[in-house]
Amino acid sequence: MDLYMMNCELLATCSALGFLEGDVYHKEPDCLESVKDLIRYLRHEDETRDIRQQLGAAQILQNDLLPIIIQYPEDKQLFDAVIRLMVNLTQPALVCFGKLPQDVSFRHHFLQTVSYLQAYKEAFASEKVFGVLSEKLYDLLQLEWEQRQEEDNLLIERILLLVRNVLHVPADPDEEKNIDDDANIHDRVLWAMHISGMDDLLKFLASSQSEQQWSLHVLEIISLMFRDQNPEQLASTGQTRSAKERGTEMAELEVLRQKELAEKKGRVLQRSSRHSKFGGCYIIQGLKSIGDRDVVLHKGLHNAKDYTHDLGKEVRRVPKRQQRARDSEGAPRRSALSVRVFLKEFCTDFLENCYNRLMYLVKDHLIREKAQQHDETYYLWAMAFFMAFSRASSFHPQLVSETVGVRTFHFIEQSLTNYYEMMLMDKKEATSWSRRMHLALKAYQELLMTVHEMDHSQEEAVRNSSHILKNNIFYVMEYRELFLTLFRKFDERKQPRSFLRDLVETTHLFLKMLEKFCKGRNSVMVQSKKVKRRKKLQACAATSSLRPQTPEELDEMWPKLAENLSKCTAGSEPLPEDVVPFDAASEVPLEEQRADAMVRIQDSLLAGQAPEALSLLHSAREVWPEGDVFGSSSLAPDEEVELLKHIFFANLPRPAVPDETEEAAEEEEIAEEELAPVRVSEKEFSFLDYAKRFASANVVKAYILLFKNYQQNSSHTNHCVVKMLHRIAYDLKMEALLFQLSVFCLFNRLLSDAASGAYKELVTFAKYIVGKFFALASTNKKAYVELLFWKSSAAVREMTEGYSTSQEGEGLNSRKAYQWTEAEEEELQELYYKYKEVEGEDVLSNILAHLRNNNRTRKEVAKQLVRLGLASSTRDFPHERKGTRIVLWTQDQELELQRLFEEFQGTDDPLGNVMRHITAKRSKARIIEKLLSMGLVSDRKELYKKRKRKAGCLDANNSMFPKDFGVPDLDDVNDDEEERDDLDSEDEEEPAWGDSDMPNRLLDGRANKRETVPSDKDSQELTRSLQQEGLSGPLLWLQSCLNRTADDREEDGCAQPVPLVPLSEENEDAMEHKGFQKLLWNVGIRAPANEQESFWRIPAKLSPEQLRKRAASIALQELADENKEHPAEEVLETEGPRSLRPEKEESVQLPLGPKRTRLICNDEHESDSQGSSEEDGPRPAGKRKCLRIEEEED
């Protein structure tokens, strides 16, 4: 459809609105219905916004809608409908299209919509229009809150939205080619608002206590009113220029004058080019051509200075994603004088009457998340603008006291961090996030400048407040690290030069304030934070190194160790109480950590720590009492020493230390950094050490990038750049950090600039750096080569102090590395030549397996091979990655796989046999995937290993433990638990209970049985002890769960593992109690098997009879009478296990209604039975019942 030809229905609807005769508009009888039809049409427009464009082309708003509200403001229904339609028509183009279209056709529609909006804005630059809107808004605000209806609030909001939409329309730079002090369309709209009194209504809305709901709308409108204004220029409107301003203007004029004189001088030196082909032929000495001869120049002498080898070359095209970010700030423009005067008066009144209250309300909305997305940008803008205006006009800190505080610093710092993270994640909207980040930085800069201005106040109270603020800011680590982080993370592809300029100026101010703060004090204490990282690899290596090599050494160590153990068992030496035999945060199940506990006991004995080993033994015995793995509780002291002797001499299996690469270690550190605890401490602050952190290549690159625009920078910006570079070069004595070729090219351009006299500070610094370089080059001939690279602080020290200093201090600062002897190097060479030609095997793995020194790592061997010249790089020895070599299956390999599967299909381990006999070795996952795709198996469970239940026998290690102590072989422990995991995977398909093994088999080295029935006596003892600790409620809940699960299994005829889900806080605490977990193990409930499980489970192999028997073993004797009156199933119905059961069991439900009513009822019930409870004893069940109901309702 042609958008320039209006639709017939749309044309008829617009014609039914009315007509304009002179200055009088005559509406038609169906005018109201026509306006509603237009609203309906806009609701159903397509993605090209065709209705909106047709109405814009027909100028409906200029010719019909605006005359209607001017002519008929008393017609309430018509006025409301027209305002609603105009709000829809004037909404921003970005809101209509969602985002800036990338398609060419949609981009055309977008630009066309913007052009119609600009025409609307020009039509609104009328005093009559804003007069009607202001009068209507005034009448609505005069109504009391009780008299105001919902329609009135909607009309107030729509009027504010209409004003917001009109001010939001961007200016057209091609049409509005106005000079300074000339009024453009935006200025005319502002002037119309001023004449109509709309600005006074906005100030009333911002200051009124009863109009708090419009605070965000008002702040957004005010930000759009002042979007083209400079607060410093606005504050100086109508005042005589200060000496500082006159000096700045004189400096700018001097720069322009010197440039003009240089251009005149150059034109005088140029000769006339009348005979261009016979101007002469010259040789440029010292500049080589393609060959060995000097360059021959066929031009005049005046062109010799401009000659380079790059002349005539095509400019290299930079990809769009690599281009520098463009500044969103347009050319600065000054509005008309009358507009600036009224805006200045508005700012003054706003600061005196509205600023603190409005900013408090907006901050409250932002914290409570009552605002819309990205509304905090208006808050940041208003903070930066009005604080700058207050500082530039007549500084009164009490006018901006709401936004001067530590909380504001914290809010801005959090916003900066959040915007930076979103800029990295949301790459499509990186430009928008960069602008928001710039706004936050501007607000931070103005906040620092306000605090700095408070230092020079004549009032002592203001100076004290500034001192307190600086104390808090400089003390917190995040505020000091903010600028370093911003410089290191600066990316010129996403952040414009204006952001870098404000960052440099803010950093200059912060360092200036910090240096002044530290000068008058002997010592300054600041906050320091360190992250505690766990060093797993080093810990494993340390424990493995404790193991002696020979049994003779063990025999020599044992007598002294036995003497210490005897003293500990006798009680003469205290035992440590904070020893925990298991890692509660580990993903390994608690039952599988027994082997690790045994290894820890042995390590303590090897380290000579007898008290710790004995304490570990006692703790492990309490955690794992099954099978007397760590001895029984009735062991005599001599027997405990004998048991520890067997553990000391046992050859226990130890986990191998994984050989990880540096990249994997770094990834692990990054993953654990967020979870690692942070240690906060205090330390003495040194300003010089803090300034050294800015002496890095990333920071210097950012400063040099801004230095390149020295001609466009202001004098203050150039001073900030040179001051930081001077700190690095002179104060820190690290001038070599600036010895870089691109920096010297910049210095050459500066020194050869005709207007270099206007940049005296820059020229002086450039000459100082160049002089330092040539002084160093006289002693260090490699300095010219160093010009090609950016250098670190270590490279700077090498360059200035000598290249041997870092090698000498390498052993002190870096991690100590074992030196290779000549014999070891010869052995390494022989092994390398021996295994390098072996195909299909890893060279380094073979070398490590045959080296005499077992402490060498893979990385050390690879580096030594490179040092010996046997390899060019460590990359020649990549880590072997399993399962990545063979990806595709050939036809022969598929036939071989099918043959092997048919051959071993009936065996106990079909998958393992196939993997052992297949020619092309692949991973287990690849083979299972291929078998499923070929249709040989329908379910991967068919490939599980079928284990036979045989009586276990003791291994050789078990001979070292006497049968009296019942210490099993740990290899057998691991095999048993692996078998248990495989059997648990088939629980859902085996409904039988009686013949199956328990999932928590108890290891007993003296018995051949694989199943041990839990002792009722032990369960009763644990129940009695837990009851005395106040865990009666969780015990009743556990008993109820066991009984209910038994009933479900009898009714359904099948079983599945049932999780125990604690819904109350009391039961959750009980599930983490060590004694309660011991009771769960004793009853036969299985712990979470892996990280995918969170709850303990009642195994599927327990029959209903077994469940009832174990529930009876934990019955509470003291509450037997109470349980008869209040069965456990009825009291704890809401906390049963989440199993599949019929709905009839959920018939006992809590009554609906207010929570307070149910609590009163429960209290009455408890008070009724108080007499009986006093006679029979304490009755905690009723109290817990009340608490459970309250928590469930929460």
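The values are calculated or read from the model by the stated rules, or taken from the named source; none is laboratory data. Please read all numbers here as calculations on a predicted model, not as lab measurements. So basically every Cβ, Gly included, is an ideal-geometry build from the backbone, and we count neighbours across all protein chains shown. Side chains are part of the model used for accessible areas, which takes the heavy atoms of the whole protein and leaves out ligands, DNA and RNA. Shrake-Rupley method; radii C 1.70, N 1.55, O 1.52, S 1.80 Å.
Got a number for carbon plus sulfur as a percent of region 719-777's accessible area, 1.4 Å probe?
Numbers: 1440 of 2430 Å².
Whole-percent figure for carbon plus sulfur exposure: 59.
Amide H neighbours of VAL524 under 5 Å, counting only residues 5+ apart in sequence or on other chains, H built in-plane at 1.01 Å? Amide H neighbours of VAL524: PHE685.
Net charge in the neighbourhood of MET225 (other residues with Cβ under 14 Å of its Cβ; Lys, Arg +1, Asp, Glu -1) is 0.
Accessible surface calculations at 1.4 Å, restricted to protein heavy atoms, place region 404-474 at 49 Å² per residue. 3J(HN,Hα) along region 862-868, derived from phi through the Karplus expression 6.51 cos²θ - 1.76 cosθ + 1.60 where θ = phi - 60°, amounts to 5, 5, 5, 5, 5, 5, 7 Hz, with x in place of Gly and Pro.
Sequence-distant contacts, meaning Cα pairs under 8 Å at least 6 residues apart, place the relative contact order of region 1-159 at 21 percent.
With the full set of protein chains in place, find how many percent of the accessible area of region 322-470 is carbon and sulfur; take the probe as 1.4 Å. Could you put the intermediate results ahead of the total?
On the way: 3420 of 7450 Å².
Of the solvent-accessible surface of region 322-470, carbon and sulfur hold 46 percent.
Report the local net charge at ALA620: Lys and Arg +1, Asp and Glu -1, summed over other residues whose C-beta lies under 11 Å from its C-beta. List each step's numbers first, then the result.
Values: positive: ARG594, ARG600, ARG621; negative: ASP596, GLU622.
Here the count lands on +1.
Annotation: per residue accessible area for region 94-171 equals 51 Å², rounded to a whole number [probe 1.4 Å, protein chains only].
Under the definition of Cα pairs under 8 Å and six or more residues apart, what whole-number percent is the relative contact order of region 139-264? Relative CO of region 139-264 lands at 24 percent.
Quick one: with all protein chains in place, what share of the accessible area of region 126-205 is carbon or sulfur, to the nearest percent (1.4 Å probe)? Working shown, then result.
Working: 1870 of 4010 Å².
Ligands and nucleic acids excluded, carbon and sulfur reach 47 percent.
All other residues whose Cβ lies under 15 angstrom from that of ILE156 are scored, Lys and Arg at +1 and Asp and Glu at -1, for a net of -4.
Average accessible surface for region 1-81: 54 Å² per residue, computed with a 1.4 Å probe over protein heavy atoms with every protein chain in place.
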